[in-house]
Amino acid sequence: MSKCDISIEFDAENRTYRGGDTVSGEVHVQVNKDTTSNGIQLTHYWTTHGYGNTNSGSDEIEILAEDSQLFAGEVRTYPFSFVA
């Protein structure tokens, strides 16, 4: 069994976004065994594809949690939001 189970829940059910839309939701961490976390970061970037038209942007990082102690049985929730 892993020390933590991590899931991501998006506010938009279909998870389809266009440039300029706000992407938001929550990261849920179910702690199965006492552990030390080195923090949680969300990395996002954009990319396009099509008929010869491809491009991408650089990674952007959002810190959701700093270093901390996690204890078995805890459920932690970290909200996030960024512009696509």
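Here are a few things to note about the model shown:
- The set of residues from the stretch 10-34 being of a type outside the set (S, T, N, Q) and exposed (fewer than 11 other Cβ atoms within 10 Å of the Cβ) comprises Glu13, Arg15, Arg18, Gly19, Gly20.
- With respect to being under 15 Å from the mean Cα position of the chain (by Cα) and closer than 19 Å to Val83 by Cα, Glu66 falls outside the description.
- Extreme residue, farthest from Ile6 (Cα to Cα), among residues of the stretch 35-74 that are among the hydroxyl-bearing types (Ser, Thr, Tyr) and surrounded by 12 or more Cβ atoms within 10 Å (Cβ to Cβ): Ser68
- Of all the residues in the stretch 15-55, those that are farther than 23 Å from Arg76 by Cβ and either touching a His at 6+ places or on another chain (Cβ under 6 Å) or small (Gly, Ala, Ser) (or both) number 4.
- Test set (1) open to solvent by less than 90 Å² (accessible area, probe 1.4 Å); (2) free of Cβ contacts under 8 Å to residues at least 24 places away in the same chain; (3) hydrophobic (A, V, I, L, M, F, W, C) - Phe82 fails condition number: (2)
The values are calculated or read from the model by the stated rules, or taken from the named source; none is laboratory data. Keep in mind that this is a model prediction, so the values were computed, not measured. Cβ: placed from backbone, ideal geometry, glycine included. Neighbour counts: every protein chain shown. Ligands, DNA and RNA are stripped out before the accessible areas are found, and what is left, the full protein with its side chains, is counted by its heavy atoms. Shrake-Rupley method; radii C 1.70, N 1.55, O 1.52, S 1.80 Å.
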